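In what follows, a structure is listed as structure tokens, so that the remarks can point back to it.
The values are calculated or read from the model by the stated rules, or taken from the named source; none is laboratory data. Since the structure is predicted, the reported quantities are computational estimates derived from the model, not experimental observations. Cβ placement follows ideal geometry from the backbone for every residue including glycine, while neighbour counts extend to all protein chains displayed. To get the accessible areas, we keep the full protein, side chains included, count just its heavy atoms, and leave off ligands, DNA and RNA. Shrake-Rupley method; radii C 1.70, N 1.55, O 1.52, S 1.80 Å.
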Amino acid sequence: MLGTPLHIWIIFGAAVIIALGLDLGVLHRRPHTIGLKEALIESAAWISVALLFNLWVYFNRGFQAGTEFLAAYLVEKSLSFDNIFVFLLIFRAFKIPSASQHRVLYFGIAGALVLRAVFVLAGVTLLQRFHPIVYFFGAILFFTGFKMLLPQKRELHPENNWLVRITRRFFPVVSDYEGQKFLVRKSVKWSATPLFLALVALEAMDIIFAVDSVPAVLAITRDTFIVYSSNVFAILGLRALYFALADVLPRFRFLHQGLAAVIIFVGTKMILSDRFLIADVASLAVIAVILAATIATSLLFPTRASVRPSR
């Protein structure tokens, strides 16, 4: 399938299905508020699973594929930090109880896996059939990166999202929560709950995220399997990462500048790919250095709100 043996896709698909089944069917069978300790353990587990899969890719596909996967995963994982802010805004806008947030994220991410598959296939196909599109993708990354560098107040209103407005036209919306249900039957009509509107808002935002993240990974590799699998493993760990870092990430004052630098770098790599090839190991090193510098600078120069007064 697009250059990758079918049995590798089958193994990958089986691993994802098993992971999703364990997540919802075992670990989160009963809705509950996820604490910091549980979130950190789950986040570490998802990262470990991704790294184990990376080792499997290395031994089955070789050094280049293993390096490309790790670099792509690191880019996608770093860009996913920006998603956490949006998740927080969506849950606040729709007043989603903390015990129900995991269910919304679970199905939102399951839908995102399908959307990313469409974006990845479209992106790879375009690059194969119309190579100059590489410059367009690079321009998207450049524009996004420089826009993130500019100081601006982020004002998002997920309750007014276009897809949410369309949903409201087709479904009447109830104000009360009906347990963990997305849709409820009132008389003879189906009505949407706030959980369903939050889910729709998540899917709409993932379309926007995919426009940036998929070209960023395509700047690292054109291997469909590497692009999609790295996206998938970064997305799968996003739920745990949200519960672990939602309250912490705002303290990293230089996070957006660091992400902007990563996006600008991969955009540069994509635009120069025909004339100047940057090695995969070098790309991985540059991305790792940028992220490490971002974290270190944020810790050394925190915002005033992040500094606790001395006693």
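Taking every alpha-carbon pair under 8 Å whose residues sit at least 6 apart, the chain reaches a relative contact order of 31 percent.
Once the C-beta distance of Thr125 and Ala45 is scaled by a Förster radius of 35 Å, the resulting FRET efficiency is 0.55 to the nearest 0.05. Dipole check for region 123-277: with +1 at the C-beta of Lys and Arg, -1 at the C-beta of Asp and Glu, and the Cα centre as origin, the magnitude is about 260 Debye.
Annotation: lysines with alpha-carbon distance below 29 angstrom to Lys147 (same-chain offsets under eight excluded): Lys77, Lys269. Percent of Cα pairs in region 167-227 per distance bin of 5 Å, from zero to the largest separation: 4, 16, 18, 14, 10, 8, 9, 10, 7, 3, 0. Taking the average, over residues, of other Cβ atoms within 10 Å as the packing measure, peptides 107-120, 257-270, 223-236, 44-57 rank 223-236, 257-270, 107-120, 44-57 from highest down. With the biggest extent put first, the Cα atoms of region 206-303 measure 42, 27, 23 Å across the principal axes. Simple point charges give the picture: +1 on the Cβ of Lys and Arg, -1 on the Cβ of Asp and Glu, and for region 58-170 a dipole about the Cα centre of about 400 debye.
Each part reduced to its alpha carbon centroid, region 54-127 and region 173-210 end up 22 Å apart.
According to the Kirkwood relation over distinct C-alpha pairs, the hydrodynamic radius of the chain is 20.6 Å. Screening the chain for whole DSSP H helices with an alpha carbon extent of at least 15 angstrom along the helix axis and a mean Kyte-Doolittle hydropathy of at least -1.0 yields 6-22, 36-61, 63-93, 98-129, 133-149, 194-218, 224-236, 255-271, 280-300. Think of each Lys and Arg Cβ as +1 and each Asp and Glu Cβ as -1; about the Cα centre, that makes the dipole of the chain roughly 900 debye.
In summary, the convex hull built on the alpha carbon positions of region 144-284 has an orientation-averaged projected area of 11.7 nm².
Considering all different alpha carbon pairs of region 119-204, the Kirkwood hydrodynamic radius works out to 16.4 Å. Estimated translational diffusion coefficient (Stokes-Einstein, Kirkwood radius over Cα pairs, 4 °C, 1.567 mPa s) of region 8-137: 75 µm² per second. Working note: 222 nm ellipticity from helices only, DSSP H runs with n ≥ 4, each -39,500 (n - 2.57), summed and divided by the residues of the chain, gives -24000 deg cm²/dmol to the nearest 500. Model label sites at Ile18 and Arg168, defined 7 Å from Cα along the beta-carbon direction, differ in position by 4.5 nm. State the percentage of accessible surface on the chain attributable to carbon and sulfur atoms; use a 1.4 Å probe and exclude ligands, DNA and RNA. Ligands and nucleic acids excluded, carbon and sulfur reach 68 percent. Taking a straight Cα-Cα cut-off under 17 Å and skipping sequence neighbours fewer than 8 places away in the same chain, the lysines within cross-link reach of Lys95 are Lys181.
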